[in-house]
Amino acid sequence: MRTPRPLPAVVALVVLGAAAGVTVWRPWEGAAGATAGSSGISVSRSQCGQGWTDPRIGRQVLTVHNTGDASAEVDVVEVDSRKVYGEVEGLGPNTSAQVDVQLGAGKYAIRCLIEDTDAITGPTVTISGDGQGGPAVVPVTKNDMLPLVKKYEAGVARGVADLVTKTGKLRADVDGGNLDAARTDWLAAHLAYNSLGAAYGAFGDFADKIDGSDAGFHPLEKGLWHNASAAALKPIATQLAADVRALQKDLPNEQVDPNDLGLRAHEIMENALQFELTGENDQGSGTSLNTALANLNGTANVLAVLDPVLKPRYADLPQVRKWENRVRALLAAHQNTPVDKLDHTTRQELNGAVGELLEKLAPVAAICDVRRTG
């Protein structure tokens, strides 16, 4: 799969100079409506959270300053529920960052995660009054994610085994000069690969060999649908089948990063929107919408694995299901239709539905981000 585009503003990664990344999950955009909060909150081993002198209800911007000698991550947490309302990643020594949060009544603290040091929680501040807190999430830990990753990797292993079978059949078609069968089996194999979903980030060089723009499935597609001879296609099909077998052999050495599961849930469909729903990846087969449906299946597999951590943390999960079903119905109704043959209304409906799905998927990465709490 191609390199994914950045996430939209719903989960914003804002780089402040070279100092830090502030990861915030919020439904608003821009700074309008935020008031200035405490501006001298210290981050260090000895002074974590010192200086939060003006705790208040509502939306505000807190400024944290690393007064120590090591890089740190900083969380704004609700003490009783452990929910994270805002965080800073990679705050270097003697640098500052702003965190935009919306806090309701309750007890809060700054948690400092400093290199080579256990998590430190600063003094508790109490906020009273009327007002509702903004988006927050109970941290997901490595222990939460590891069994889910193992379950997902087992599914990927089964998917790659199926891919070995399908690419072997495709190679045999080309070897035998049966290009009609090869076109049918190319599609089956290509969809099998594209349904693997979040695993593609763990495939390393194999991803480009199998599904790159100039190797594997795509040049084979171009030749099959543009009257190339079986002799010309044979080395491509042979190499593709060999690369897939090599991937299967190497798979025990490849690991899915726990953070990739939540991130890829969004990026898989973002890739589909950019490369399949525009027809950019189509080399003649006219099956981009089939591929997008396979991508959606890959996303659905990721969400099913993540369900134990998402269900208690993400109130909008039913909306994800709603828009996933809507996109699925539209794609299923137009399989085998080239994108450029869709009427204007259908393209608008499809792009709009995928856009809504992407908006609902965007917070999944922030929710499932593995956080150190101890």
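Read-outs: derived from the displayed coordinates by stated rules, not from any lab. The shown structure was predicted, so the numbers you read here are calculated from the model rather than taken from an experiment. Every residue, glycine as well, gets a Cβ built from its backbone with ideal geometry; the counts of neighbours run over all protein chains shown.
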Helix-only [θ]222 nm of the chain, DSSP H runs n ≥ 4, -39500 (n - 2.57) each, per residue, nearest 500: -15000 deg cm²/dmol
Would you please calculate the Kirkwood hydrodynamic radius of the chain over all C-alpha pairs and express it in Å, rounded to one decimal? 22.7 Å
Diffusion coefficient, µm² s⁻¹, Stokes-Einstein with Kirkwood Rh over alpha-carbon pairs of region 237-347 at 10 °C and 1.306 mPa s: 99 µm²/s
For region 229-251 versus region 38-67, the gap between their alpha-carbon centres in whole angstrom: 57 Å
Given the C-alpha centroids of region 108-179 and region 300-374, what is the distance between them in whole angstrom? 16 Å
Using 0.36 nm per residue, how much length does the chain from GLU280 to THR124 gain when fully extended, once their Cα-Cα distance is taken away? 50.8 nm
The FRET efficiency for GLN348 and ASP162, from their Cβ-Cβ distance with R0 = 35 Å and rounded to 0.05, is 0.50
What is the ratio of the Cα radius of gyration of region 301-374 to 2.2 N^0.38 Å, with N the residue count, to two decimals? 1.37
Subtract the Cα-Cα distance of ASP144 and VAL61 from 0.36 nm times their separation in residues, and report this length gain in nm to one decimal. 26.8 nm
Using a Cα-Cα cut-off of under 22 Å, which lysines could be cross-linked to LYS142, ignoring same-chain neighbours fewer than 8 residues away? LYS83, LYS150, LYS151, LYS311
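Which GluC sites (Glu not before Pro) from region 245-290 combine a DSSP loop assignment with at most 14 other Cβ atoms within 10 Å?
On the way: sites: GLU254, GLU267, GLU270, GLU276, GLU280; in loops: GLU254, GLU280.
Those satisfying the criteria are GLU280.
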Remind me, what semi-axes does region 28-137 give for its equivalent ellipsoid, largest first in whole Å, using sqrt of 5 times each Cα gyration tensor eigenvalue? 22, 15, 12
Restricting things to alpha carbons, tell me how big region 84-143 is in terms of Rg and Dmax, in Å. 13.3, 40
